[in-house]
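S.K.: The structure that follows is given in the form of structure tokens.
The values are calculated or read from the model by the stated rules, or taken from the named source; none is laboratory data. Bear in mind the structure is a predicted one, so any value in this text is a computation, not a measurement. Cβ atoms come from the backbone with ideal geometry, glycine included; neighbour counts cover every protein chain shown. Remember, those area values only see protein heavy atoms, side chains included, never the ligands or the DNA or RNA. Shrake-Rupley method; radii C 1.70, N 1.55, O 1.52, S 1.80 Å.
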Amino acid sequence: MSDNLNLIQVKDVTKKYRLGSNEVEVLHGINLEVKDGEFVSVMGQSGSGKTTLMNIIGMLDRPTDGSILIKGIDITKKSQKELVEFRRRTVGFVFQQFHLIPSLTAYENVELPLVFAGDKDKSVVLSALERVGLAHRMDHKPVELSGGEQQRVAIARAVVMKPKIRILFKLSENLLLSIR
Ligand SMILES: Nc1ncnc2c1ncn2[C@@H]1O[C@H](COP(=O)(O)OP(=O)(O)O)[C@@H](O)[C@H]1O
Ligand SMILES: [Mg+2]
């Protein structure tokens, strides 16, 4: 099958962490392909390397060896600067602890990726908030929202740029639908 049909290709990826003089290999040669529109979950024991792998696929970290192709482009060959720009338009994250900015309202948190990309658009932000059922809470700061509402703001922020790749850490089942 042609490589072009794959959105994500992970080829022989290893990751070693150096702790002083100790080297710990966490990923021992991962191969994985994900097609556009596919939904994949990664399961494994705590400490087995799930977060490490997701951070590498999401371009927050680099592998020690091997390559990652996104839409056929080898991201391991990109400079840090190119990677930031590419990641901004390609990946949305919902982190385990949400990582909302406490001083910003729900609206401003969701708007942030657009601000960084230099294309603010009020209707895009509002429709992302509407999709997760939170338009009526858009002027609230994270502390004024419930845990579930905070998670929905994080989801709206992750999808506002319409990224092809959406990476969710420990998402509760009842919220899976709103990310698609
Ligand atoms: N920055 C780091 N430096 C050294 N070791 C790390 C680092 N990050 C993770 N590890 C180690 O790598 C292993 C995998 O971690 P992680 O990917 O977070 O696992 P999981 O998400 O599956 O619980 C763990 O043993 C952890 O201690
Ligand atoms: Mg983890």
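S.K.: Just the ratio, please: alpha-carbon radius of gyration of the chain over 2.2 N^0.38 Å, N its number of residues. Don't jump to the answer; show the numbers that get you there.
M.R.: Details: Rg = 17.4 Å, N = 180, 2.2 N^0.38 = 15.8 Å.
With N residues counted in the chain, Rg over 2.2 N^0.38 Å equals 1.10.
S.K.: Determine ³J(HN,Hα), in whole Hz, for all residues of the stretch 160-170 in sequence, where each value follows from phi through the Karplus function 6.51 cos²θ - 1.76 cosθ + 1.60 and θ = phi - 60°; x replaces Gly and Pro.
M.R.: Running phi through 6.51 cos²θ - 1.76 cosθ + 1.60 with θ = phi - 60° gives 4, 8, 6, x, 5, 9, 10, 10, 10, 9, 6 Hz.
S.K.: Report, in cubic angstrom per residue, the convex hull volume of the C-alpha atoms of the stretch 3-77.
M.R.: Numbers: hull volume 6.7 nm³, N = 75.
Value for the stretch 3-77: 90 Å³ per residue.
S.K.: Now a separate question. When the Kirkwood radius is taken over all Cα pairs of the stretch 75-165, what Stokes-Einstein diffusion coefficient follows at 25 °C and 0.890 mPa s, in µm²/s? Don't jump to the answer; show the numbers that get you there.
M.R.: Details: Rh = 13.4 Å.
Diffusion coefficient, whole number: 183 µm²/s.
S.K.: Once amide H atoms are built 1.01 Å from N in the peptide plane, which residues 5 or more positions from Val94, or in another chain, come under 5 Å H to H?
M.R.: Excluding prolines and chain starts, which carry no amide H, the hits are Ile167, Leu168, Phe169.
S.K.: To the nearest 0.05, what FRET efficiency results for Glu23 and Glu85 with a Förster distance of 35 Å applied to their C-beta separation?
M.R.: On the way: r = 32 Å, r/R0 = 0.91.
Plugging the Cβ-Cβ distance into 1/(1 + (r/R0)^6) gives 0.65.
S.K.: Can you put Ser21, Ser127 in order of accessible area, largest first, using a 1.4 Å probe? Numbers along the way, then the final one.
M.R.: Values: Ser21 120, Ser127 55 Å².
Sorted by accessible area, descending: Ser21, Ser127.
S.K.: I've got another one for you. Return the long-range amide H neighbours of Gly66 (sequence gap of 5 or more, or a different chain), with a cut-off of under 5 Å between placed amide H atoms.
M.R.: Close amide H contacts, sequence-distant or interchain: Thr14.
S.K.: Nearest 500 deg cm²/dmol is fine: what mean residue ellipticity at 222 nm does the chain get from its DSSP H runs of n ≥ 4 alone, each adding -39,500 (n - 2.57), divided by its residue count? Don't skip to the answer; put the middle values down first.
M.R.: On the way: 5 runs with 54 residues, N = 180.
That calculation yields -9000 deg cm²/dmol at 222 nm.
S.K.: Over the chain, what is the relative contact order in whole percent, taking alpha-carbon pairs under 8 Å and six or more residues apart? Don't skip to the answer; put the middle values down first.
M.R.: On the way: 261 pairs, mean separation 38.6, N = 180.
Here the relative contact order equals 21 percent.
S.K.: Which whole-Hz couplings ³J(HN,Hα) result when phi for each residue of the stretch 71-79 is put into the Karplus expression 6.51 cos²θ - 1.76 cosθ + 1.60, θ = phi - 60°, listed in order with x for Gly and Pro?
M.R.: 6, x, 9, 6, 6, 6, 8, 7, 6
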